[in-house]
Amino acid sequence: MAQRRAGGRASSLQGKMKKSTAPSCRRVELHHLYQYYATGQTTLPVCVLVRFLNHEQFELTANEETAESLIDRYEIAETARESRSMTFEGFLRYMESKDCSLFDQAHTSVYQDMDQPLTSYFISSSHNTYLTGDQLVGKSHLDAYVCALRKGCRCLEIDCWDGPDMEPVVYHGYTLTTKIFFKDVITTVEQHAFEVSAYPVILSLENHCSQEQQEVIAQYLVSILGDKLLRSPLDHPTTGELPSPNDLKYKILIKNKKLKPQIRTEAERSVDEDEDEEEDIEEEEDHQTKSKFWFLRKAGSKTKKKKVVVAEALSDLVIYTRSIKFNSFSHSKDNQNYFENTSMAEKKARKLVKASGADFVQHNQKFLSRIYPAGSRTASSNYNPQEFWNVGSQLVALNFQSLGFPMDLNDGRFQDNGGCGYILKPGLLMSRERSFDPSCSQRRLTTTHLLVKVIRGSNLPVPRGGKALDAFVRVEIHGVPSDSCRKNTHTVKNSLNPYWNTEMIFSISVPELCLIRFCVRDQTGLLSSEFVGQYTLPFTSIKKGHRWVPLRSRDGCSLDPATLFVVAWSA
């Protein structure tokens, strides 16, 4: 009921604003809002500020104590502070503060339950982490690991190959990508692993090394990572589930194949590896890419692929993340252990999503699954990660060096929960009683309605040519297929502070999985437009009411002071 009153009040106010001349900046809209509640007075008394917070900002628990704390933080006029009221200047400071950001500031810290098994979380994951460019001639660089870790990435990929003088190297095999030393990668990881998050880091090894150089790899992991390396199972009794992020704080896990306990002889190891060979292991798909073979021939390489046998020293470091081949969901249900995980390319995963979505969801309730981009993506492009989050895959790996829409979604998803790299999956993906298939239209008793009014943009960046923008805003919903859609405002010509005042309504069946993306674009032709800035956040992190949206560039950097001013509410 309160929501309906608030929505009505906001609509009424916006109607009055719509009749007025298009204002020159956001300050004018906020002044209208302030005057509406001040009703002729020069300041807002505490009781009126509480009414504003309840009705317009949907802060339904706000009381006089809440209002007084805002006055203490944002009001600088001494007479107003003494009378426990707020001037327009104080109101403006509040409305332009992070307290009025569209993103719920309570979500900028870790707030979710971190005591569930690792399988219960989306985990920020990168693919070919070492690359700064494409997969054929791009450069490998240690900075790529630093950048990924500072973005909250918790699963890093390391492609390991034999190097000169018994020094293993990291690069994209059978291509002209540059090489870096494995020991330098591990040193970099050790230095930066827990800068932004205390939760565990998984090192996903794509292992092509001889047994001798695998021994060197194992030695480096132990000597460089020290106590951060998880070398044995945790002490608490096993329950047939993986430990939690809290259990594994400040620990680094090795994801690789592992020898079976009884296997010790060379011949038996080969047999074991045949059994565990991953059908979808990345190098297999990579070798099928014609362009890579062309580069292989150009490089004059006569190397033939050899079967990799895991060295015992490296095998011993694999504790909770043993890589095995994926056969089928029924085979996994009957045979897979909780500490074993599978990897598959996007194409195979996509087929499984479409054919057996509910089985995929159930599989991911028990086991970790990693999805990686197709080997044919030689330019290091990315797929849409949402389609695999929809079935609960935890390790949805993207090329972090490739800018654009997929990484916008990834950044939006993982800015939640304090940017720690672990997001608790919604209950519908973890329920053992009720089946969920994202490919099927979701029939729920209630549908969530999201209303977004895009009022204006402020300080939008000037294009290279110096001409002001012909700007419009596209609001996108990314979730299960039946929820995914987008709507545009009209285009405002030649303005860096465009005024749209456009209302959009979305019907959403599975809000728990939805991401909302605001994208400002410059209309360059009848059917063409160019990216200006964007901002993506989870539906569950939206704050209702009059809010501002901080815009980001294509590479995810802040475009401050460029913002959108919106009104958002849902019911």
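The values are calculated or read from the model by the stated rules, or taken from the named source; none is laboratory data. For clarity, every value in this text was computed on a predicted model and none was experimentally measured. In this analysis, Cβ positions are derived from the backbone assuming ideal geometry, glycine residues included, and neighbour counts consider all displayed protein chains. The protein model used for the area step is the full one, side chains on, heavy atoms only, and it has no ligands, DNA or RNA in it. Shrake-Rupley method; radii C 1.70, N 1.55, O 1.52, S 1.80 Å.
Some points to look at:
- Only one entry in 376, 356, 435 is small (Gly, Ala, Ser), surrounded by fewer than 21 Cβ atoms within 10 Å (Cβ to Cβ) and either in contact with a Pro (Cβ under 9 Å, 6 or more places away or on another chain) or not in a loop (DSSP other than H, G, I, E, B) (or both), namely 356.
- Failed condition for residue 151, given (1) in contact with a helix residue (DSSP H, G or I) (Cβ under 8 Å, 6 or more places away or on another chain); (2) over 18 Å from residue 395 (Cβ atoms); (3) open to solvent by 50 Å² or more (accessible area, probe 1.4 Å): (2)
- Test for residue 189: is it in a helix (DSSP H, G or I), crowded, with 17+ Cβ neighbours inside 10 Å and β-branched (Val, Ile, Thr): yes
- Filter result for residue 173 (on the phi > 0 side of the Ramachandran plot, in contact (Cβ under 8 Å) with a residue 60 or more places away in the chain, among the small types (Gly, Ala, Ser) and in a loop (DSSP other than H, G, I, E, B)): no
- Of all residue pairs spaced 6 or more apart or on separate chains, those with beta-carbon atoms under 8 Å, a first member in segment 548-571 that is without any contact (Cβ under 8 Å) to a residue 40 or more places away in the chain and a second member that is part of a strand (DSSP E or B) and of a type in the set (Lys, Arg) are 558/552.
- Residues that are more than 10 Å from residue 127 (Cβ to Cβ), acidic (Asp, Glu) and open to solvent by 10 Å² or more (accessible area, probe 1.4 Å) do not occur anywhere in segment 397-409.
- Here the condition is being under 19 Å from residue 135 (Cα atoms), acidic (Asp, Glu), modelled with pLDDT of 95 or more and touching a helix residue (DSSP H, G or I) at 6+ places or on another chain (Cβ under 8 Å); of 167, 190, 195, 206, it holds for 206 alone.
- Checking each residue in segment 483-527 for being part of a helix (DSSP H, G or I) and either open to solvent by 50 Å² or more (accessible area, probe 1.4 Å) or free of Cβ contacts under 8 Å to residues at least 60 places away in the same chain (or both) picks out only 512.
- Test: residue in segment 258-273 that is on the phi < 0 side of the Ramachandran plot, among the hydroxyl-bearing types (Ser, Thr, Tyr), at pLDDT 95 or above and assigned to a loop (DSSP other than H, G, I, E, B): no
- If the condition is being modelled with pLDDT under 95, under 20 Å from residue 257 (Cβ atoms) and in a loop (DSSP other than H, G, I, E, B), then segment 283-324 contributes 305, 306, 307, 308, 309.
- Residue match in segment 226-243 (condition: buried (at least 19 other Cβ atoms within 10 Å of the Cβ), farther than 20 Å from residue 311 by Cα, modelled with pLDDT of 50 or more and small (Gly, Ala, Ser)): no
- At least 3 residues being under 17 Å from residue 37 (Cα atoms) and open to solvent by less than 40 Å² (accessible area, probe 1.4 Å) is the threshold, and among the helices (runs of 4 or more DSSP H) wholly inside segment 57-121 those reaching it are 64-74, 88-95.
- Complete set of residues in segment 367-386 that are touching a residue at least 60 places away in the same chain (Cβ under 8 Å) and not hydrophobic (A, V, I, L, M, F, W, C): 370, 372, 373, 375, 376, 377, 378, 380, 384, 386
- Of the criteria (1) more than 19 Å from residue 159 (Cα to Cα); (2) at pLDDT below 95, which one residue 363 fails: (2)
- In segment 131-141, the residue that is nearest to the chain's Cα centre (by Cα) out of those that are open to solvent by less than 50 Å² (accessible area, probe 1.4 Å) and among the aliphatic types (A, V, I, L, M) is 131.
- Candidates 481, 463, 498, filtered to the one that is touching a Gly at 6+ places or on another chain (Cβ under 7 Å) and more than 15 Å from residue 361 (Cα to Cα): 498
- The single condition from (1) open to solvent by 20 Å² or more (accessible area, probe 1.4 Å); (2) not in a strand (DSSP E or B) that residue 480 fails is (1).
- Restricting attention to segment 341-353, the residues that are touching a residue at least 60 places away in the same chain (Cβ under 8 Å), open to solvent by less than 10 Å² (accessible area, probe 1.4 Å) and assigned to a helix (DSSP H, G or I) add up to 0.
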